[in-house]
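The numbers here are math on the coordinates, done by the rules we state, and not lab data. Keep in mind that this is a model prediction, so the values were computed, not measured. We place every Cβ from the backbone using ideal geometry, glycine too, and count neighbours over all the protein chains shown.
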Amino acid sequence: MRLWNLILQVENLKEGDYIILPPDIDIENLNEDEFYNNSIGHIEVTKYSILGYLLNKSYIDKLDRVVILYENFENDELTFEIVSDKDRPTLKI
């Protein structure tokens, strides 16, 4: 599997894991498995580092439009929160 490392400019992301989805995906009716099956990348934010990668190079020219979701684990339940435009990191290869 080929990964493309992302260069991230992050200011407002919470610590945790994020998945990156294609720009035109309708996320309203996706279940947990479908979120992961449609993932085209990942971002991990820790106190000490920010790492990100893209799984599919066909989205390199669409990085400004991809959907970024925060994986929120609370009370043993996983939910996904859309990263708002104001909190959205700048993504580059």
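Could you grab the relative contact order for the chain? Cα pairs under 8 Å, six or more apart, rounded to a whole percent.
Relative contact order here is 41 percent.
For region 24-65, rounded, prolate or oblate, judged on the Cα gyration tensor with a ≥ b ≥ c (square roots of eigenvalues), a/c < 1.5 rounded, else prolate if a/b > b/c?
It comes out oblate by the Cα gyration axes.
Considering the dipole of the chain built from charges on the beta carbon (Lys and Arg +1, Asp and Glu -1) around the Cα centre, which of Phe35, Leu8, Thr79 is farthest to its positive end?
About the Cα centre, the residue reaching furthest to the positive side is Leu8.
Between Met1 and Lys86, what is 0.36 nm times their sequence separation minus the Cα-Cα distance? Round to one decimal in nm.
27.4 nm
Given only helices, namely DSSP H runs of n ≥ 4 each adding -39500 (n - 2.57), what is the per-residue ellipticity at 222 nm of the chain, to the nearest 500 deg cm²/dmol?
The per-residue figure over the chain is -1500 deg cm²/dmol.
Tell me the label only: which of (1) 19, 17, 13; (2) 22, 14, 11; (3) 27, 18, 10 is semi-axes √(5λ) of the Cα gyration tensor in Å as calculated from this structure?
(1)
Springs between alpha-carbon pairs under 10 angstrom, Gaussian network model over the chain: which of Glu32, Glu77, Glu44 fluctuates most?
Glu77
Mind jotting down the distance between the C-alpha centroids of region 1-22 and region 63-93, whole Å?
9
Filter the trypsin sites (Lys or Arg not before Pro) in region 31-93 down to the DSSP loop ones having no more than 11 other Cβ atoms within 10 Å, then list what survives.
Here the sparse-neighbourhood loop sites are Lys47, Arg65, Lys86.
At most 11 other Cβ atoms within 10 Å and a DSSP loop assignment: could you name the chymotrypsin sites (Phe, Trp or Tyr not before Pro) in the chain that fit?
Here the chymotrypsin sites (Phe, Trp or Tyr not before Pro) that fit, given the DSSP loop and packing criteria, are Tyr48.
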